[in-house]
Amino acid sequence: MAHTVDPKLIATLRAQAHVIERNQALGCGMTLEMLRHRIRPGGPWQRLLPGVYLAVTGSPTAAQREVAALLYAGGAGVITGPAALRRHRIRAPETDVVGVLVPAACQRQSAAFAGFGTSAEGSQRSRRRRPLGRRGGPT
């Protein structure tokens, strides 16, 4: 008996560079057993971050790592640092870490290639810096 793939699953994978979050996959009709089967050693999918999977074999691209980090952030994050610059077509050094800024209330910890910081941390750092005068020196 042939198994048909839910069109919603196909559309989600296409829209997200073949990266999908566990709840999205379950919402597309997959079961936990189906997920386990796909991410088994030697299977067609791989786990990138807790609850986030890449639906192809091989090494993830920078864009796939960025999508995975945002999915892991739970929809509240924004990409920062060099990855954000590259998304805006500004030259930036390649890094192994995708920086993600999340609200202070978000309870995410850095994992694998996803580095998390909170918006509260960023605003505290900016308050500690001395403002610059017109010529670029401290006021």
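The values are calculated or read from the model by the stated rules, or taken from the named source; none is laboratory data. Nothing here was measured: the structure is a model prediction, and the numbers come from that model. Cβ coordinates were reconstructed from backbone atoms using ideal geometry, including for glycine residues, and neighbour counts include every protein chain displayed.
Mind checking which pairs have a first residue in region 54-68 that is closer than 14 Å to Ile39 by Cβ and surrounded by 14 or more Cβ atoms within 10 Å (Cβ to Cβ) and a second that is aromatic (Phe, Trp, Tyr) and at pLDDT 90 or above, Cβ under 7 Å, 6 or more apart or different chains?
Listed pairs, sorted by first residue: Leu54/Trp45; Ala55/Trp45.
Among the residues of region 118-129, is any outside any loop (DSSP other than H, G, I, E, B) and either surrounded by 15 or more Cβ atoms within 10 Å (Cβ to Cβ) or at pLDDT 90 or above (or both)?
yes
Under the condition of being part of a helix (DSSP H, G or I) and touching a Gly at 6+ places or on another chain (Cβ under 6 Å), which residue from region 69-82 is surrounded by the most Cβ atoms within 10 Å (Cβ to Cβ)?
Going through the qualifying residues, I end up with Leu70.
What is the number of the single condition among (1) outside any helix (DSSP H, G or I); (2) out of contact with any strand residue (DSSP E or B) (no Cβ under 8 Å at 6 or more places or on another chain); (3) touching a residue at least 24 places away in the same chain (Cβ under 8 Å) that Leu48 does not meet?
(2)
Looking at region 1-32, which of its residues are among the aliphatic types (A, V, I, L, M) and touching a residue at least 12 places away in the same chain (Cβ under 8 Å)?
Across region 1-32, the qualifying residues are Leu9, Leu13, Ala17, Val19, Ile20, Ala25, Met30.
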